[in-house]
Amino acid sequence: MRIFNDLNIGAFVLLSMCLSLYSCNKDNDNFPKNYVGFEKPTQTVECERDKQECELQIKIIATDKSKKDRTVQLSIPPVPSGRAEVMKLTENKVTIKAGKKSVTTTVKIYPNRMTLKKQNFIISCIPQGKDTGISKLSILLKQK
């Protein structure tokens, strides 16, 4: 009986190791095939209240390398009239070069223009010339 228990424990350990190695492959299982969009769906940024400007680096990824450049259109909702712009894209279009799987762009944040201590913003990423969907990044801005 004891030999049977030791054998079961050994088989369980071996099976667990095999499953963990199999699940740690290099494929992007978390993203759909041919995905082009934001690496993360949410980000939190803390900036000092009296600071004029701070920058946030955003990574846009593709699940597969391509022989062609891939361009994405970035957009944020328009600012209501009478309000100051709190966040600004430095580029409206970003290109992932051929043979690469990612590109980084910068978003400028103006914390001294925030009316609340916490504000949520959405950035949309629309791949050009692809039938893939729009990905969105939710950014929570916090004042220190």
Restricted to segment 1-32 and to residues being closer than 30 Å to residue 120 by Cβ and at pLDDT 55 or above, the residue least open to solvent (accessible area, probe 1.4 Å) is 31
Listed by range, strands (runs of 3 or more DSSP E) wholly within segment 72-115 having at least 2 residues that are closer than 17 Å to residue 53 by Cβ, at pLDDT 90 or above and open to solvent by less than 30 Å² (accessible area, probe 1.4 Å) are 87-89, 102-109
Of residues in segment 55-71 being outside any loop (DSSP other than H, G, I, E, B) and not β-branched (Val, Ile, Thr), the one farthest from residue 142 (Cα to Cα): 70
Under 6 Å between Cβ atoms, at least 6 apart or on separate chains: pull out the pairs that start in segment 132-144 with a residue that is farther than 23 Å from residue 52 by Cβ and end on any residue that is open to solvent by less than 50 Å² (accessible area, probe 1.4 Å) and not in a loop (DSSP other than H, G, I, E, B). 132/36; 134/124; 135/37; 135/38; 135/125; 136/124; 137/38; 137/123
Subset of segment 129-144 that is open to solvent by 20 Å² or more (accessible area, probe 1.4 Å) and within 18 Å of the chain's Cα centre (by Cα) - its residue that is farthest from residue 56 (Cα to Cα): 132
Identify the single condition in (1) open to solvent by 50 Å² or more (accessible area, probe 1.4 Å); (2) in contact with a Leu (Cβ under 7 Å, 6 or more places away or on another chain); (3) over 26 Å from residue 51 (Cβ atoms) that residue 68 does not satisfy, given that it satisfies every other one. (2)
Counting only residues that are farther than 17 Å from residue 107 by Cα and among the small types (Gly, Ala, Ser), which one in segment 36-71 is farthest from the chain's Cα centre (by Cα)? 66
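The values are calculated or read from the model by the stated rules, or taken from the named source; none is laboratory data. Nothing here was measured: the structure is a model prediction, and the numbers come from that model. Because the Cβ atoms are built from the backbone with ideal geometry, glycine has one as well, and the counts that use them run over all protein chains shown. We work out accessible area using only protein heavy atoms, side chains counted, and drop any ligands, DNA or RNA first. Shrake-Rupley method; radii C 1.70, N 1.55, O 1.52, S 1.80 Å.
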